[in-house]
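A.B. asks: Handing you this structure, nothing more for now.
The values are calculated or read from the model by the stated rules, or taken from the named source; none is laboratory data. Just so it is clear, the model here is predicted, and its values are computed rather than measured. Cβ placement follows ideal geometry from the backbone for every residue including glycine, while neighbour counts extend to all protein chains displayed.
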Amino acid sequence: MPYRVLFISAEYAPLAKTGGLGDVSSALCEYLHSQGHDVRVFLPWYRDLNREGLDVSPVPGLEDLFLDIGPHRYEYRILVGTPLGYRQPVHFIDCPALYDRPGIYGHADDHRRFLLLTRAAFEVAQRMAFAPHILHCNDWHTAFAPLYLRTNYAWDRLFAATRSVLTIHNIGYQGVFWSMEVGDLSLGDAQWMLHQDDLREGRVNPMLHGIMYADLVSTVSPTYAREICTPEYGAGLDPFLRRRGAQLIGILNGVDYDEWDPRHDRHLGFEYSADDLSGKALAKRTLASEFSLSVGPRTLLLGIASRLVAQKGIDLLETVLPDLLSQADCALVAVGSGEPRYEQFLTRLAVEFPGRVHFTRGYSERLAHWIEAAADAFLMPSRYEPCGLNQMYSLRYGTVPIVRHTGGLADSVTPYSKTDRTGDGFVFHEYSPGALRAAIDQALALYGTAHWARMIQNGMAQDYSWKNQGQLYLDAYRDLVGSA
Ligand code: ADP
Ligand code: GLC
């Protein structure tokens with residue numbers, strides 16, 4: 001049965017992306033669309049939206065709209081358009097007062113910016129007479145949607161059979177704002193449904209309310225679903241997650257192989273496959289020469305493309321990389337941005353090891369693809385990782401992932417066994433420089449041997465496409481709709 005799905009997310013690739021949330025939102029919606037489901041996607045019309053090849057038009061009847069976010073009145077209109085190369089249309093909320101500014105996040109009124117996104121999705125669904133089976137929200141930005149379904153919009157029969165799903169992409173970001181601004185929720189008498197202890201302590205936590213009120217909570221890997229139920233990984237919300245029992249599930253993210261596959265990567269300009277890896281060698285030579293790296297055939301080229309934040313284990317690299325680069329035949333090419341401390345570390349490393357380290361500070365989709373193709377091994381020593389996409393991209397690009405055993409990294413990378421020649425990467429457990437170094441040393445020992453070639457073949461044969469992972473979401477939708 002085709003489902004009607006109202007999908008709200010702060011990011012949607014290739015239009016608005018800071019990390020994996022963008023990739024996953026659009027890839028999942030494309031999959032649902034391809035299966036014949038009627039999906040309505042809502043996204044802010046950010047000033048910095050990637051508008052390349054995007055044609056939008058205002059939706060008649062959805063202009064001159066108003067919405068009160070507490071005492072603040074906002075005027076907005078709806079635009080619609082389909083990103084180049086995609087099929088699923090996107091409805092944009094054009095509200096200059098909130099979205100005509102730089103960046104996606106980082107403004108003092110972010111809670112209002114995303115409350116408008118959340119509420120406008122309901123209001124526009126009403127005007128379109130769109131009765132969703134599933135209301136699918138993502139991360140803290142849209143996590144108040146399940147509560148609104150039970151309060152402000154509960155009167156409307158349009159939503160009588162709607163079931164809500166909250167997908168947690170990262171519990172480390174909860175969107176907490178001051179209780180002084182609790183009026184912005186416009187909950188009226190339903191304010192008692194907020195977490196009262198938090199309120200008394202002066203906080204409102206959007207992620208928490210999603211966890212409390214969604215009909216189903218999902219997260220982006222089975223291991224992370226278990227981890228966030230523990231104090232070590234739950235970021236304070238583990239008691240609430242444990243309470244959800246079987247209504248908390250983990251579905252590993254899929255990969256959009258239209259975008260991420262060396263057999264047709266538009267960023268490379270040439271292709272390669274498991275049968276003929278000469279293009280991979282060419283990518284390594286080309287990138288090395290572009291960045292003046294002296295990389296011989298025996299040099300292990302390590303890659304990184306990441307947000308540079310504590311989650312990603314960059315502090316382990318701070319300890320491990322300087323020694324490694326002075327002792328072993330290896331080099332590093334990295335792209336990323338984030339905390340100044342980590343940006344400075346990589347900048348310094350490039351100065352200290354000329355010809356061995358290249359770092360591009362910033363965001364470059366093209367370079368991320370090139371690094372996947374050119375590197376021999378990809379580093380993801382994450383402290384925690386809900387799913388992680390780059391390790392799955394790496395597998396497809398014949399780039400051996402070196403990962404910590406956590407979250408989706410544990411679910412998607414299998415440690416290589418020399419005895420039975422199975423597995424596709426290097427996996428270490430303890431969050432320590434020593435454990436990371438040992439994993440890299442193993443890689444150095446196997447690089448250039450028949451084991452390495454085997455590992456590449458094992459990795460390239462993996463299939464994490466959305467046709468498998470998307471079906472798991474559809475199964476979850478079916479159970480929810482069945483219970484409606
Ligand atoms: P997260 O969502 O925590 O950032 P993921 O591994 O799920 O981690 O997804 C990261 C995505 O963002 C990947 O597609 C990766 O290539 C991309 N990415 C991260 N930083 C950069 C950057 N500086 N330039 C280009 N792409 C980046
Ligand atoms: C988050 C996580 C990452 C995950 C992505 C998409 O940003 O940090 O692990 O892959 O969301 O779900």
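A.B. asks: Please specify each residue of the stretch 331-383 satisfying the condition of being surrounded by 17 or more Cβ atoms within 10 Å (Cβ to Cβ), near ligand 1 (Cβ under 10 Å from one of its atoms), among the hydroxyl-bearing types (Ser, Thr, Tyr) and under 25 Å from ILE171 (Cβ atoms).
C.D. replies: SER337, SER382
A.B. asks: Considering each residue of the stretch 384-399, count those that are among the small types (Gly, Ala, Ser) and within 11 Å of ligand 1 (Cβ to nearest atom), and give that number.
C.D. replies: 2
A.B. asks: How many of the residues in the stretch 435-477 are touching a residue at least 60 places away in the same chain (Cβ under 8 Å), closer than 30 Å to VAL5 by Cα and charged (D, E, K, R)?
C.D. replies: Result for the stretch 435-477: 1.
A.B. asks: Right, here's the next one. Report yes if MET212 is assigned by TED's automatic domain parsing to the domain that holds THR151 and either within 16 Å of ligand 2 (Cβ to nearest atom) or among the small types (Gly, Ala, Ser) (or both), otherwise no.
C.D. replies: no
A.B. asks: Where the second residue is assigned to a strand (DSSP E or B) and among the hydroxyl-bearing types (Ser, Thr, Tyr) and the first is under 16 Å from GLN462 (Cβ atoms) and free of Cβ contacts under 8 Å to residues at least 24 places away in the same chain and lies in the stretch 415-430, which pairs have Cβ atoms under 8 Å and are six or more apart or on separate chains?
C.D. replies: Once the first residue is under 16 Å from GLN462 (Cβ atoms) and free of Cβ contacts under 8 Å to residues at least 24 places away in the same chain and sits in the stretch 415-430, no partner that is assigned to a strand (DSSP E or B) and among the hydroxyl-bearing types (Ser, Thr, Tyr) comes close enough.
A.B. asks: Ok, one more. Residues that are under 17 Å from THR142 (Cβ atoms): find the strands (runs of 3 or more DSSP E) completely inside the stretch 24-112 holding 2 or more of those. Talk me through it step by step, then tell me what you get.
C.D. replies: Numbers: elements: 38-44, 56-58, 65-69, 72-81, 90-94.
Here the list reads 38-44, 65-69, 72-81, 90-94.
A.B. asks: Sticking with this structure for a sec: Has the stretch 412-424 got any residue that is outside any loop (DSSP other than H, G, I, E, B) and within 16 Å of the chain's Cα centre (by Cα)?
C.D. replies: Yes, that holds for at least one residue.
A.B. asks: Continuing with this model, one more query. May I ask you to list pairs of residues, at least six apart or on different chains, whose Cβ atoms are under 8 Å apart, with the first in the stretch 161-182 being outside the structural domain of ASP109 (by TED's automatic domain parsing) and the second being away from ligand 2 (no atom under 14 Å from the Cβ)?
C.D. replies: From residues that are outside the structural domain of ASP109 (by TED's automatic domain parsing), there are no pairs.
A.B. asks: Do any helices (runs of 4 or more DSSP H) lying entirely in the stretch 185-227 carry at least 3 residues that are on the phi < 0 side of the Ramachandran plot and of a type in the set (D, E, K, R), and which ones are they?
C.D. replies: Output list reads 196-200.
A.B. asks: Another question, if that's okay. Out of the residues in the stretch 148-158 that are assigned to a loop (DSSP other than H, G, I, E, B) and either free of Cβ contacts under 8 Å to residues at least 12 places away in the same chain or within 16 Å of ligand 2 (Cβ to nearest atom) (or both), which is surrounded by the fewest Cβ atoms within 10 Å (Cβ to Cβ)? Talk me through it step by step, then tell me what you get.
C.D. replies: Looking only at the stretch 148-158, we keep the residues that are assigned to a loop (DSSP other than H, G, I, E, B), and these are 151-156.
Applying the additional criterion that residues be either free of Cβ contacts under 8 Å to residues at least 12 places away in the same chain or within 16 Å of ligand 2 (Cβ to nearest atom) (or both) yields 154-155.
Numbers: ALA154: 12, TRP155: 9.
The selected residue is TRP155.
A.B. asks: Mind listing just one residue for me: the one in the stretch 132-147 that is part of a helix (DSSP H, G or I) and hydrophobic (A, V, I, L, M, F, W, C) and, of those, nearest to PHE7 (Cα to Cα)?
C.D. replies: Across the stretch 132-147, the extreme among qualifying residues is ALA145.
A.B. asks: Confirm whether LEU282 is assigned by TED's automatic domain parsing to the domain that holds ARG396 and without any contact (Cβ under 8 Å) to a residue 40 or more places away in the chain.
C.D. replies: yes
A.B. asks: Would you check if SER306 is over 18 Å from LEU436 (Cβ atoms), polar (S, T, N, Q), in a strand (DSSP E or B) and in the same structural domain as ARG383 (by TED's automatic domain parsing)? If you could, list the steps in order and put the result at the bottom.
C.D. replies: Details: over 18 Å from LEU436 (Cβ atoms): no; polar (S, T, N, Q): yes; in a strand (DSSP E or B): yes; in the same structural domain as ARG383 (by TED's automatic domain parsing): yes.
Here the answer is no, as SER306 does not meet what is asked.
A.B. asks: Something else now. In the stretch 1-12, which residue that is farther than 16 Å from TRP45 by Cβ and assigned to a loop (DSSP other than H, G, I, E, B) is farthest from ligand 1 (Cβ to nearest atom)?
C.D. replies: MET1
A.B. asks: List every residue pair whose Cβ atoms sit under 6 Å apart, with the two residues 6 or more apart in sequence or on different chains, where the first one lies in the stretch 246-259 and is within 18 Å of TYR86 (Cβ to Cβ) and the second, anywhere, is away from ligand 1 (no atom under 14 Å from the Cβ) and among the polar types (S, T, N, Q).
C.D. replies: Close Cβ pairs (under 6 Å, with a partner that is away from ligand 1 (no atom under 14 Å from the Cβ) and among the polar types (S, T, N, Q)) amount to GLY254/SER465; TYR257/SER465.
A.B. asks: Which residues, taken from the stretch 159-176, are part of a strand (DSSP E or B) and either within 16 Å of ligand 1 (Cβ to nearest atom) or surrounded by fewer than 21 Cβ atoms within 10 Å (Cβ to Cβ) (or both)?
C.D. replies: Of everything in the stretch 159-176, those that are part of a strand (DSSP E or B) and either within 16 Å of ligand 1 (Cβ to nearest atom) or surrounded by fewer than 21 Cβ atoms within 10 Å (Cβ to Cβ) (or both) turn out to be THR167, ILE168.
A.B. asks: Please state which one of GLY106, GLY85, GLY81 is free of Cβ contacts under 8 Å to residues at least 24 places away in the same chain and under 26 Å from the mean Cα position of the chain (by Cα). Can you show your working first?
C.D. replies: On the way: GLY85 fails: free of Cβ contacts under 8 Å to residues at least 24 places away in the same chain; GLY81 fails: free of Cβ contacts under 8 Å to residues at least 24 places away in the same chain.
One residue alone meets the criteria, GLY106.
A.B. asks: Let me ask something additional. Being more than 18 Å from the chain's Cα centre (by Cα), crowded, with 21+ Cβ neighbours inside 10 Å and aliphatic (A, V, I, L, M) is the filter here; which residues of the stretch 238-267 pass it?
C.D. replies: Answer for the stretch 238-267, where residues must be more than 18 Å from the chain's Cα centre (by Cα), crowded, with 21+ Cβ neighbours inside 10 Å and aliphatic (A, V, I, L, M): LEU241, LEU248.
A.B. asks: I'd like the full set of residues that are within 16 Å of ligand 1 (Cβ to nearest atom) and either hydroxyl-bearing (Ser, Thr, Tyr) or under 11 Å from the mean Cα position of the chain (by Cα) (or both), limited to the stretch 28-52.
C.D. replies: Going residue by residue through the stretch 28-52, those that are within 16 Å of ligand 1 (Cβ to nearest atom) are 28, 30, 48, 50, 52.
Matches in the stretch 28-52: none.
A.B. asks: Still on this structure: Here's a check for you: in the stretch 392-405, which residue that is within 13 Å of ligand 2 (Cβ to nearest atom) and in contact with a Ser or Thr (Cβ under 6 Å, 6 or more places away or on another chain) is nearest to THR319 (Cα to Cα)?
C.D. replies: Filtering the stretch 392-405 for residues that are within 13 Å of ligand 2 (Cβ to nearest atom) and in contact with a Ser or Thr (Cβ under 6 Å, 6 or more places away or on another chain), the one nearest to THR319 (Cα to Cα) comes out as ARG404.
A.B. asks: Here are ALA125, ALA129: which of them is more than 12 Å from PRO44 (Cβ to Cβ) and part of a loop (DSSP other than H, G, I, E, B)? Step through it out loud before you land on a result.
C.D. replies: Numbers: ALA125 fails: part of a loop (DSSP other than H, G, I, E, B).
That would be ALA129, the only listed residue that is more than 12 Å from PRO44 (Cβ to Cβ) and part of a loop (DSSP other than H, G, I, E, B).
A.B. asks: Would you tally the residues in the stretch 364-405 being without any contact (Cβ under 8 Å) to a residue 40 or more places away in the chain and not in a loop (DSSP other than H, G, I, E, B)?
C.D. replies: Of the residues in the stretch 364-405, the ones without any contact (Cβ under 8 Å) to a residue 40 or more places away in the chain are 364, 391, 403, 405.
Add one more test, that the residue is not in a loop (DSSP other than H, G, I, E, B), and what stays is 391, 403.
So the answer is 2.
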